1. Any chance the stretch 248-264 includes a residue that's in contact with a Lys or Arg (Cβ under 9 Å, 6 or more places away or on another chain) and closer than 22 Å to D42 by Cβ?
2. Here are L274, L239: which of them is more than 30 Å from L394 (Cβ to Cβ) and at pLDDT below 95?
3. Looking at the stretch 31-45, which of its residues are surrounded by 12 or more Cβ atoms within 10 Å (Cβ to Cβ) and either hydroxyl-bearing (S, T, Y) or out of contact with any helix residue (DSSP H, G or I) (no Cβ under 9 Å at 6 or more places or on another chain) (or both)?
4. Being among the β-branched types (V, I, T) and modelled with pLDDT of 90 or more narrows it down to one residue among V401, V366; which is it?
5. Within the stretch 386-402, take every residue that is of a type outside the set (D, E, K, R) and not in a helix (DSSP H, G or I) and give me the one that is nearest to A284 (Cα to Cα).
6. Which of the helices (runs of 4 or more DSSP H) contained wholly in the stretch 167-268 include at least 1 residues that are touching a His at 6+ places or on another chain (Cβ under 9 Å) and surrounded by fewer than 12 Cβ atoms within 10 Å (Cβ to Cβ)?
7. Here is a check on your reading of the model: is G248 in contact (Cβ under 8 Å) with a residue 40 or more places away in the chain and out of contact with any Cys (no Cβ under 6 Å at 6 or more places or on another chain)?
8. Here are some residues: L48, L112, L67. Which one is of a type outside the set (S, T, Y), surrounded by fewer than 19 Cβ atoms within 10 Å (Cβ to Cβ), in a helix (DSSP H, G or I) and modelled with pLDDT under 85?
Amino acid sequence: MTTDDGLPVLFMAMLFQWTQITVGVYYQGITGRPVLPEPDLDATSIVLTGLVWLMLLAAGIRGGIELIRRRTHPRPVTFEHICGWAPLVALYAAATLLQGTMLRISFEFASLRNVLVTMSAIRLALMFLVLRRLVQPEIRWVPFALILGGEVVLGFAGYFAGFREPIMLATVALLEGVTLQDRRRLVLLGSLGAVAALTGLVWMGIRPTYRLESTEVESMINSQSARLDRVWSLSTQFLSGDRSELLGTADDLVARIWIAYYPALTMERVPSLLSHTDGALMRAAIENVLMPRVFYPDKGELPSDSDMVRKYAGVYVAGRERNTSIAFGALPESYIDYGIPLMFLPPLVFGFLCGLAYAWLYRGFVHRELAVAVVTVVAWESLYLFERSWAKTLGDAVAMVVYVALPLLLLDQALSWRGRPDPVPASYEGPSLAPHSAEHC
């Protein structure tokens, strides 16, 4: 996943998926504590299958990038700014204030829900630009900690784990250009890893109570400050609990991250009890992408992932009747569709298309800083989750490109009043990664 642009987002996305595939193996091996609900269930086959799946996804991404890279010369790695610090902070603050309004509107207009929710990723791009400027080329500790801390706190006020994206995007910003000699940056990266582990543990411990109260207690429904106060009290209570409770929550956290149990059960039941579907699930996912709700407002709802778990894994999990969905994932869907080895073709093709989009977008922007922000957020949101269904994976990836990347690409072109420079032929032998002057850029 090393590319000529110096960006670590693809590496981080693949690392996150690798963690979801393997974390239970290491956790059980180190602690000796079982994670799976059925300790005798052999998860080896699904772990190995997941690793092959991930290798092919990464190979596809690499192939798509290489195809585009042969046609154009790499953009120089620089840290030029598309706009001043004050306008950037103002845009970021405005996007943060408008986020809640956009989410409320999305619930009122179902046909625009996907558009409005996806466009909230623009706020993530602005946040990433702010954090990146605070650590590139030098780290400004205090404002970086304040903004990241504020994002993490706000992330706890939502229904989902909204603190995850700020931590991961801050890590991506720090990793850009990092070396083993940069001790301060390495210390900060280690601190972010500790924060990620601690916040994940706390969220897992308080989530059941907090979610229940946030939807039933009127004061919490209408007040963000009330939700934050409740998060603080629940977190304090959880962290002051006994050691056995903390270890039990750690087990639950690893079990939540490790996507092995339901796929392993599925591989035991298909095709011995249930037949392969010969591509029916993939066809439904592609049809869903080709029929966006903004043009087809009467389109039916996608089947819940919980329904897939119930049918193919044979476990009756919570579903829409409890306003939840249990992750199933694209890997078991492909196994149900095609079996081994044809199940490994979809991640290769999807990765290739993602690689094409990544390289094309990065080279399509005139302003490198905007290119970095867009491809980082689009690539992360499209690739980091191993547990997503194909319908969600394809839908999110296409929506990120159509509703986020392309509008910002048009904005980039509009801001380039001097015009886009002529493309450099692939045979050009000039420097690729050496810093250039601001005037040249």
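The values are calculated or read from the model by the stated rules, or taken from the named source; none is laboratory data. These numbers were taken from a predicted model, which means no experiment stands behind them. With ideal geometry, Cβ positions are generated from the backbone for all residues, glycine too; neighbour counts draw on all protein chains shown.
1. Yes; the residues of the stretch 248-264 include at least one that is in contact with a Lys or Arg (Cβ under 9 Å, 6 or more places away or on another chain) and closer than 22 Å to D42 by Cβ.
2. The unique qualifying residue is L239.
3. T31, S45 - these are the residues of the stretch 31-45 that are surrounded by 12 or more Cβ atoms within 10 Å (Cβ to Cβ) and either hydroxyl-bearing (S, T, Y) or out of contact with any helix residue (DSSP H, G or I) (no Cβ under 9 Å at 6 or more places or on another chain) (or both).
4. V401
5. Filtering first and then ranking leaves S389.
6. none
7. Here the answer is no, as G248 does not meet what is asked.
8. L112
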